[in-house]
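Right, one structure below, let's go through it.
The values are calculated or read from the model by the stated rules, or taken from the named source; none is laboratory data. Here the structure is a predicted model, which means the values were calculated and not measured. For neighbour counting, all protein chains shown are included, and Cβ atoms are generated from backbone atoms with ideal geometry for every residue, glycine included. What goes into the accessible areas is simple: the full protein's heavy atoms, side chains included, and nothing from ligands, DNA or RNA. Shrake-Rupley method; radii C 1.70, N 1.55, O 1.52, S 1.80 Å.
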Amino acid sequence: MKIAVDFHIHTALSPCGDEDMTPNNIINMCILKGLDAIAITDHNSVENCIACLQVAKNKGIIVIPGMELQTKEEVHLICLFKSIDKALSFQKLVYDKLPVKENNPKLFGRQLIFNKKDEVVGENKRMLIGSSNLSINEVFHEVEKRAGIIIPAHVDRNSYSLIGTLGFIPKELSIKTLEVSKTCNLNTFLDKYRYLRKYQFIQSSDAHYLWDILERENFIEVDQKNIGSIFESLR
Amino acid sequence: MQVKNLIEKEKFKLITGEEGITAEIEGLYCCDLLSWVMSHAKGGDAWITVQTHMNIVAVASLLDISCIIIPESIDIDQKTIDKAKEENIPILSTNLNSYEIFCEMYESGLR
């Protein structure tokens, strides 16, 4: 069966994430749009995933806890996990590898942490916008160890993308699925990079505002509508 | 100037094998976005980059780069070093930064 997905959505925890990107606003917007499965992928953190999972409970939408990690090569990787425990364990590793600088809310916005009622319960003081001191290969190793999955983010872009930064996809990495940005014309893109045809592509919103979130426009094929089948399809 | 002339200076340390050190350095290029380097650097250039991922070797090999120079004593992945040995691309490590490397090369007659 085909399900409509958007696996790259930021909350107000991400630098530059709109403060309206609260758990209830995001989940309800996704339900209104008719999405079947989404992933919450803040920059170098998973701290709003718990509230989003709680809000989504019994609402028929699948929410995958995830993170948009920035490697030391300044490459963005979407890291998805089957459980919040695995995501939190990954976050612990990432936090140990972030620079010990504080966020500057004037420049990058406040990094808000919510509970399931959309109440602000904290503010993350770390500078989440920077790079972790983890190499791409280390990230693949660590995510695989936690049975997670990696989708290189917006590979059509020149900045912060696997292809933009490293020139091409390293063949030693176990990648099946690549993400292109919302505005990318996949056919034109694949005409330019013919060697990428062997990969499966998904399009994601990289939403920082509620209105950025995808409509029912990007689909993946799954056996069943559950996280296990989604991971099978992406892996 | 050849790569080995650089190694003879104390400031540059060869961290790969001897293969390729007689290559002629015809120019100097500095950039860390590999996709940009692929389309702008020239054969014979010595290439300064802070990237240490294995892909730097593939890019250097593709363009016929004379050597890769890693500035500011950045650690280099062992896989990258192994791959460079296999492809006969010399990698040089130095504690100089990019500007200081340019000065050094200019004073050595690369102009």
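Between residue A:89 and residue A:24, the modelled labels are 3.4 nm apart [label points 7 Å from Cα along Cα→Cβ]. Spatial offset of the stretch A:177-218 relative to the stretch A:119-162 amounts to 18 Å, using the alpha carbon center of each. Note the buried accessible area between B and A here, summed over both chains, with a 1.4 Å probe, in Å² to the nearest 100. So the buried area, both faces added, is about 1000 Å².
For the stretch A:115-235, what percent of Cα pairs sit more than 17 Å apart? Numbers along the way, then the final one.
On the way: 4882 of 7260 pairs.
In whole percent, the long-distance tail amounts to 67.
Here is the P(r) of the stretch A:41-172: all C-alpha pair distances, binned every 10 Å from 0, give 12, 41, 35, 11, 1 in whole percents.
Once the convex hull of all Cα atoms in the stretch A:100-183 is built, its volume per residue stands at 169 Å³.
For the stretch A:6-120, give the share of DSSP beta bridges that are antiparallel, in percent and rounded to the nearest 5; count only bridges with both residues there.
45
Tally up the carbon and sulfur contribution to the accessible surface of the stretch A:125-235 as a whole percent, 1.4 Å probe, everything protein left in place. Spell out each step's value before the answer.
Values: 2550 of 5330 Å².
C and S atoms contribute 48 percent here.
Scoring A:200-206, A:212-218, B:52-58 by mean Cβ neighbours within 10 Å over their residues and listing the highest first yields B:52-58, A:200-206, A:212-218.
Take the cross-link list A:59/A:198; B:13/B:85; A:2/A:57; A:171/B:11; A:117/A:182 and give me the ones stretching past 26 Å between alpha-carbons.
Values: A:59/A:198 35 Å; B:13/B:85 15 Å; A:2/A:57 22 Å; A:171/B:11 34 Å; A:117/A:182 30 Å.
Those over the limit are A:59/A:198; A:171/B:11; A:117/A:182.
What the pair-distance distribution of the protein assembly as shown shows, using all Cα-Cα distances binned every 10 Å from zero, is 5, 24, 29, 21, 13, 6, 1, 0 percent. In straight-distance terms, cross-link reach from residue A:33 covers every one of the aspartates and glutamates whose alpha-carbon lies under 14 Å from its own, apart from those fewer than eight places away in the same chain; here that gives A:6, A:212, A:215, A:217. Restricting attention to the protein assembly as shown, close to 45% of DSSP beta bridges with both partner residues there are antiparallel.
What does the accessible area per residue of the stretch B:1-80 come to in Å², with a 1.4 Å probe and no ligands, DNA or RNA counted? Spell out each step's value before the answer.
Working: 3750 Å² over 80 residues.
For the stretch B:1-80, the per-residue accessible area is 47 Å².
Within 10 Å of the Cβ of each residue in B:52-59, the mean number of Cβ atoms contributed by other protein chains is 5.
Would chain B count as rounded, prolate or oblate if I go by the C-alpha gyration tensor, calling it rounded below 1.5 in a/c and otherwise prolate when a/b exceeds b/c, oblate otherwise? Numbers along the way, then the final one.
On the way: a/c = 1.29, a/b = 1.18, b/c = 1.09.
Rounded, since a/c falls under 1.5.
Interface residues of the stretch A:166-189, defined as a loss of at least 40 Å² in heavy-atom accessible area between the chain alone and the complex of all protein chains with a 1.4 Å probe, are A:166, A:168, A:172.
Dipole magnitude for chain A: about 380 debye, using +1 per Lys or Arg Cβ and -1 per Asp or Glu Cβ, origin at the Cα centre. Going from the chain on its own to the full set of protein chains, the stretch A:135-164 has these residues losing 30 Å² or more of accessible surface (heavy atoms, 1.4 Å probe, no ligands, DNA or RNA): A:137, A:164.
Each DSSP beta bridge with both residues in the stretch B:12-108 is either parallel or antiparallel, and the antiparallel ones are about 25%.
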